[in-house]
Each structure stands twice: as structure tokens, then as C-alpha cells.
Amino acid sequence: MKKPRQETGGGPNSVQKRMTLALAVIVALFFGLSLRIGQIQIIATDVYAARAVTNQTKDEIIPARRGEILDRNGEELAVSTVSYRVYLRLQRYDTEKYSDEVWETMKADAVRALATALSLDAAALTKRTETDDFRILVATDVNRTAAQLLKEEIEDTELVNIIELEDDSTRQYPFGALAAHVLGNVNMDGVGLNGIELQYDDVLQGSKGRVIERTDSQGNPLASEDGTVYSQEDGLNVVLTIDSNVQFFVEQIVEETYYREEPEYVQAIVMEAKTGDILAMSQYPDFDPNDAYATPVAITGEALTAYTEMDSTEKAQYLMQNVWRNGMVSNLYEPGSVFKLLTASAALETGVADPSSQVFYCDGAEEVEDKSIECHLYPNGHGVESLTQGVANSCNPAMIQAAQAVGYDRYYQYLELFGMTEPTGIDLPGEASPWVYSVDEAGPVEAATMAFGMGISVTPVEIISAVGALANDGKLMQPRLVKGYADESGNMVEEFAPVVRRQVVSSQTAAEMLAIMEYQPYSFLAGTGDFEYMEKFPYRVGSKTATAPLLVDGAYTLRNTGSVVSILPLDDPQYVVLVIVRDPKSENYGEVTAGPTMRAILEQLMNYYNIPPQYETGAEAAAPAAVEPAADEYETAKAQEEEAALLVPDVTGMLLTDAAALLGSYGLYYATETDDSAEPFTVASQWPAGGAEISPGGTVFLYADP
């Protein structure tokens, strides 16, 4: 008999099991969904509410206008012009409207449009789109004309939803490199990097505004709701003490000096004596802040090769340290003989010397402990000297003796008073602190060398500030570059008064120092010697030159920093000028390298301010009575000195630099057949010969061959 077939999986029990399982799954899903909804609506309600607000809120920044930088006459030196930033959106915001294929086509069309309108490399821009970023910045500083052309090209097309233009501003410097080391420059976001742009960045920046609006899913503002507007506050204009006209001719003269002397750099500062206002501050090589990242003009040879191999970060660091840096504020140097003005001032103020009494003696060197500190005439000397003659002769032994007579403790106090132990506080970033031995650190040798400006390092702005006190009745002024702030209409909203830091010396000492500075008829002022300018300078001016040897690998060399500081007009001192020529190729002394530069600046300065000449060109200026030696016991010595000055010293066998210094101490000038840039030679012969009579201020011809 055949067995009945058994059913597998189709009975009531099996169906019931499947239904139970399905119901369990549905319940589990419903339970999980309920938990998720509960988490969103109860536990994480704040988080998702915030996301909703963010997605439905449009928050735009209203840029503030960056303030302008103006010169003292209202001339625009740095301005901000309307420009645009262009972005390319990479992530689509409406996936229903734009499929992947459509969006990719739009991106390709946008790249072509941008490349055409903005003169960009399409392939490079396409490569940049290969990122997960929401959008990329395509270009900055796009001018109004280019932006308008781009808008016209994409309007009425879908590209308006992928190419975005935002209002921006571009910083421009109408006069290019003019006052670049004062103005500084900004980065691509308009933030100051150096100079006035950095020092007064908060004042110039102002405060940005905001517009906050509720939007629909497409990003369009809701008509039913008003947005919230927080207005921007534009930056203020910064008004400088700089006179752009003075700055212009000073920069021209400084650049000419650079190409004439081929030094490492040339610097010049012009300051108002009675206010501390900086009228001009020039350094060459310079840079154009409109194109601050351009390859610097001074980089050549191996240095240029090394620079081109740097990456962008390394180049920026190099430029910051070597090109944009204002060396007149941030770099230290040994001032050399200019510093003798401060030593002489201390001697006068303490009463250890007067201008005319011949209390100093130079036999060619000064013995200090176990060191022999030489005069530039060594092995010859100046003999008996007054303080006036010691400064005029630039005699190191005389200055050492003056500082020793003052005493180092008191001498150090005068260094402090003149500002040689602290920064000036000038309103520029990165001012360097001077380096000077403290009272406890300095021994007799260190104190002696500081008396003539060696073994001490200061900034150029400290030197001009200190010398400026002698032109201002002994009052030390705060050097400054900013007079105040102005609004967009040019109205001053805040003005800063000149600041007197302190009284350094008495007005009598200051007046005596001006007479001492006038005593020496330097070649670049006297109108004689182998110079371009052959007529006597028609203004009363006080000057001091310096030739400070450069320290290389721990030893002083023939390479030097030449400088001149001048005050004029002496009848009513108004201006202080400092010129520095570092490491000129000729290795000549400061009177030759920096002197003609000073002469040219002084001439232009007097012409610009319409100051009438104080005597006819070529006429002899009256010798200041205050500097004439008065003691009867020295009349014989003075007569002998004057008589000796009419006899030509024998300089054969001496290096040209030493021979020139010796002739200069006699009030004589020299001429050679070689170019100034040639290496110094040993004098083989001279005319007139040693011992021959010569008129004061005459010229001795020096030859390398017998």
C-alpha cells in the first residue's frame, strides 16, 4: 500500500511563523525609528535646530574700507580701491535640479569662462577643481572692468549658480616704491605685514559689518522676513609726518649714491629739529609694495640662484628680513666718529672742558691699560688740541681723554640721557634695542672705544634723535612718523602733539656744540677738493663725518660704514639730516662717500623750503668766535700750528687712505690719477713734495709710481 506524501513548509504553522517574524521585524524597525525620532526631537533638538537655522540663514560679511595713508600735506601714499574675489563652487546645493553629469558639465563651462575672462590657465584651474572643498578661490584683486565683463558673460546662464563674485578691496600705492620702508605692505587679506601698515593696522582696518537673512531651500532671502544688518565701520586715514616731496628728492639722491658708490645699502633720514617729525626716511635698495614679492633688484649671482630655488614660504621670510625690513629702525651699526658729538657734549656739560681751552694732547695713540688705541694720524699726532679742534680733527685720543675726564659713571648717564641705552619709541614695528656696555661691564678699554663710537651698536634713528637734541636747545624729542588720524573727508579726528622726552644738556652746551660742528670746513661744504660741487655751500651748517671700519669675522677691516650728520641753518636750526653709506666699493672715508650725498640733500632741502642763502655763493663764512682758543699761554702753540699747516706733510710710503687722512688733518685735499673705486695704493710720490709751502685748502697730487 503506498504511503501518503508529507507536505513540507506549507502548513498553517509555517505561515504563522513567517508572519510572526515579519511582524517582529516591523515592530523592531518602528521601535528603532521611534528611538531615532525621540533622539532628534527630544535629546538632540538643539543640535538639529541649530543646523536648520544654519541651512536657512544667509550670513554675509560687509567689508570695511581700509583707511588711507596720507603724507603731511594730504597726498595719498596708500589707498584701497574696489575689487572683487572670484570663487568657483564645487559642491552642488540642489541635487534634484542638477545631476552629476549636468554639474560636471557646468564646472567645465565655468572653468572655460573664468580662464577667458581672467586670463587664467584653464588646465591648471581644472586641476584645482579636483578637491572635496565646497568652493575654491579662483582670483583676488579683480578690477571692476574685468568683474563686469565676467558678470555679463555668465548672466542669464546657469553659471551664475556656480561662479561667485564677492566685493573686496585692493591696496595700492600710487607712487610705487616711494617711502616703501615706511609704509610697508599688506597680505592678500589686507592685513598689514610691516611698516605703518602693520603698526597702525587696527586703526586702518576698521570693523567689518554683517547681513543676516533667513532663506529658502534655494538660498533666496525670504520676503516675509527682514534681515538684520550690522553696519561696518570704515578705517581711519593715518596722516604721516612725511613730506612726499622731500621724500622724493631724498630717494633720488640716495639711489644715485647707491649706483655711484656700489655699497651694501644707502640710508638717509631728514628730521625736524624742534618736533622730531620725520620728513623723509629713505633706504636703497628699496621695493615696490604694489609688487612686494618681485625678485629684489639687489640680488645677483649666486644669491639670485639661491633665491629662485626657494619655495614661497622661504622667499617670504627672505623678503621680510632682507628687503622689506627698515634698517634705519631695525638694524644696529657702529656709528664711529659721529658719536664724538655726544662725548664732547658730556665734556662741556660737566665742565671738564670748554670749546677753546687746549687741554688735550695727541701724539698718535692713547695708552689705555695694555692697549694702544691709535689716532687716524698714527704714527703722527695732532699735538695740543682744544675740544673744538679734537672734534674737528676727529681725534680719538682727544675723545678718550674727554670721556676719562668726565668719568665713566657720569659718561654712562649722558649716554642714557641721549637715548643710547633704549629704543627711541618711534612709531614703527621692530625697533631694535641698542647694544652698549653697562656700567658694570665696561672696563677702561671699552669705555675708551665708546668715546669715539666703536664697541657700541645703535640704530640710525637713535643717532639722528640724539644729535637733534643739539639743534633743539638740548631737548631730546620723540622721533615720530604719524601726526594723527583723519576721517574719509580729510577732517582730523585725532592729532598727536610732539613729545619732549627730556632735557639732555643745557641750551648753552647745545649752542657751543653747534659752533664746534661748524668749525670744520668739510670738503663737501667748503667747495674745494676732488668733488662734483666746487662752490661753497651758501648756508651756515654744522656737520660731523664718520668712517667706521666694519667688523668681519671678528676683526676690523678696511671696509667701512661712511656717514655724515648735519644741522642747518645754524642761525635757527630747523633740520637734522643723517646719511649712511655701508660698505662702499671704494672703501673711501665718509666725507667722500656720504659727503656729496649730504650736500645734494641739503641744497634741495633749502630750495624746497625757500630759505634764502646766508651769504653769497663762494664767499667765506665768518669763523665762529666761540670756538677760538682764548688762553694766552697757547697763542704760541696756535701760531706754530697755523704755520705748520702751510707746509706739505710727506706722505710717501703711506697707504692712500692714511695719506688722505693726514692731509685732511692739515686742511689739505688730495687728487689721484686712479678711479675712486680702485684698490688703495701706497703713495710712491707726491706733488708738491713734503716740506713745500702750500696755501691752506690746497690740493696735493698723489701718485702710485715714482
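The values are calculated or read from the model by the stated rules, or taken from the named source; none is laboratory data. Remember, predicted model here, so these are calculated numbers, not experimental data. Please note: Cβ atoms are built from the backbone with ideal geometry, for glycine as well, and neighbour counts cover all protein chains shown. Calculation scope for accessible area: heavy atoms of the full protein, side chains included, ligands and nucleic acids excluded. Shrake-Rupley method; radii C 1.70, N 1.55, O 1.52, S 1.80 Å.
For the reader, a short list of remarks on this structure follows.
- Residue match in the stretch 320-340 (condition: surrounded by 17 or more Cβ atoms within 10 Å (Cβ to Cβ), assigned to a helix (DSSP H, G or I), at pLDDT 95 or above and among the polar types (S, T, N, Q)): yes
- Residue that is farthest from L150 (Cα to Cα), among those in the stretch 83-108 that are of a type in the set (D, E, K, R) and touching an Asp or Glu at 6+ places or on another chain (Cβ under 8 Å): R89
- All positions within the stretch 341-351 that are open to solvent by 10 Å² or more (accessible area, probe 1.4 Å) and in a helix (DSSP H, G or I): L348, E349, T350
- Of residues in the stretch 273-305 being part of a helix (DSSP H, G or I) and modelled with pLDDT of 90 or more, the one surrounded by the most Cβ atoms within 10 Å (Cβ to Cβ): P289
- Selection over the stretch 132-156 of residues that are more than 41 Å from the chain's Cα centre (by Cα) and within 12 Å of L90 (Cβ to Cβ) gives a count of 1.
- Enumeration of residues in the stretch 306-319 that are assigned to a helix (DSSP H, G or I) and either within 15 Å of the chain's Cα centre (by Cα) or not hydrophobic (A, V, I, L, M, F, W, C) (or both): Y307, T308, S312, T313, E314, K315, Q317, Y318, L319
- Close pairs from the stretch 401-416: first touching a residue at least 24 places away in the same chain (Cβ under 8 Å) and closer than 13 Å to F339 by Cα, partner assigned to a helix (DSSP H, G or I) and open to solvent by 50 Å² or more (accessible area, probe 1.4 Å), Cβ under 9 Å, at least 6 apart: Y411/Q404; Y414/E349
- Evaluation of S543 against (1) free of Cβ contacts under 8 Å to residues at least 60 places away in the same chain; (2) of a type in the set (S, T, Y); (3) open to solvent by 10 Å² or more (accessible area, probe 1.4 Å) (one fails), failing number: (3)
- Residue list for the stretch 224-259, filter: assigned to a loop (DSSP other than H, G, I, E, B) and crowded, with 18+ Cβ neighbours inside 10 Å: D234, G235, L236, T241, I242, D243
- Residue selected from the stretch 552-582 under the condition more than 20 Å from M328 (Cβ to Cβ) and of a type in the set (A, V, I, L, M, F, W, C), by the criterion least open to solvent (accessible area, probe 1.4 Å): L568
- Just one of (1) modelled with pLDDT of 75 or more; (2) open to solvent by 50 Å² or more (accessible area, probe 1.4 Å); (3) under 30 Å from L178 (Cβ atoms) fails for P63. It is (1).
- Only one entry of E441, E512 meets the criterion of being out of contact with any Ser or Thr (no Cβ under 6 Å at 6 or more places or on another chain), open to solvent by 10 Å² or more (accessible area, probe 1.4 Å), at pLDDT below 95 and acidic (D, E), and that entry is E441.
- Of the criteria (1) at pLDDT 95 or above; (2) out of contact with any strand residue (DSSP E or B) (no Cβ under 8 Å at 6 or more places or on another chain), which one E495 fails: (2)
- Among the residues of the stretch 158-187, those identified as within 17 Å of A294 (Cβ to Cβ), touching a Leu at 6+ places or on another chain (Cβ under 9 Å) and open to solvent by 40 Å² or more (accessible area, probe 1.4 Å) are F175, N187.
- Of all residues making up the stretch 583-595, the number that are within 24 Å of the chain's Cα centre (by Cα) and open to solvent by 20 Å² or more (accessible area, probe 1.4 Å): 2
- Looking only at the stretch 118-136, residues that are assigned to a strand (DSSP E or B) and open to solvent by 50 Å² or more (accessible area, probe 1.4 Å) come to 1 in all.
- Any hit, the stretch 496-503, residues being polar (S, T, N, Q) and over 22 Å from Y408 (Cα atoms): no
- Residue check for V500: of a type in the set (A, V, I, L, M, F, W, C), surrounded by fewer than 24 Cβ atoms within 10 Å (Cβ to Cβ) and touching a strand residue (DSSP E or B) at 6+ places or on another chain (Cβ under 7 Å): yes
- The residue pairs whose first member lies in the stretch 129-154 and is under 19 Å from N187 (Cα atoms), whose second member is open to solvent by less than 90 Å² (accessible area, probe 1.4 Å) and assigned to a loop (DSSP other than H, G, I, E, B), and whose beta carbons are closer than 9 Å, counting only pairs six or more residues apart or on different chains, are I136/L90; I136/T129; V138/L120; A139/L120.
- Hey, E431 open to solvent by 30 Å² or more (accessible area, probe 1.4 Å) and not aliphatic (A, V, I, L, M) or not: yes
- Members of the stretch 355-380 found to be within 39 Å of the chain's Cα centre (by Cα) and closer than 21 Å to E512 by Cβ, listed by number: P355
- Selection within the stretch 377-405 - touching a Ser or Thr at 6+ places or on another chain (Cβ under 7 Å) and either surrounded by fewer than 24 Cβ atoms within 10 Å (Cβ to Cβ) or part of a loop (DSSP other than H, G, I, E, B) (or both): L377, H382, S386, N393, S394
- Within the stretch 470-495, considering residues that are under 19 Å from G419 (Cβ atoms) and free of Cβ contacts under 8 Å to residues at least 60 places away in the same chain, the one nearest to the chain's Cα centre (by Cα): L476
- Filtered residues of the stretch 588-615 (kept if acidic (D, E) and touching a Ser or Thr at 6+ places or on another chain (Cβ under 7 Å)): E591
- Screening the stretch 260-272 for residues that are over 17 Å from the mean Cα position of the chain (by Cα) and assigned to a loop (DSSP other than H, G, I, E, B) and picking the one that is nearest to G562 (Cα to Cα) gives P263.
- G419 vs. criteria part of a loop (DSSP other than H, G, I, E, B), open to solvent by less than 20 Å² (accessible area, probe 1.4 Å), farther than 28 Å from N237 by Cβ and in contact with a Phe, Trp or Tyr (Cβ under 7 Å, 6 or more places away or on another chain): no
- Meets criteria (crowded, with 21+ Cβ neighbours inside 10 Å and under 23 Å from the mean Cα position of the chain (by Cα)) for V467: yes
- The residue that is farthest from T388 (Cα to Cα), among those in the stretch 352-368 that are hydroxyl-bearing (S, T, Y) and assigned to a loop (DSSP other than H, G, I, E, B), is S357.
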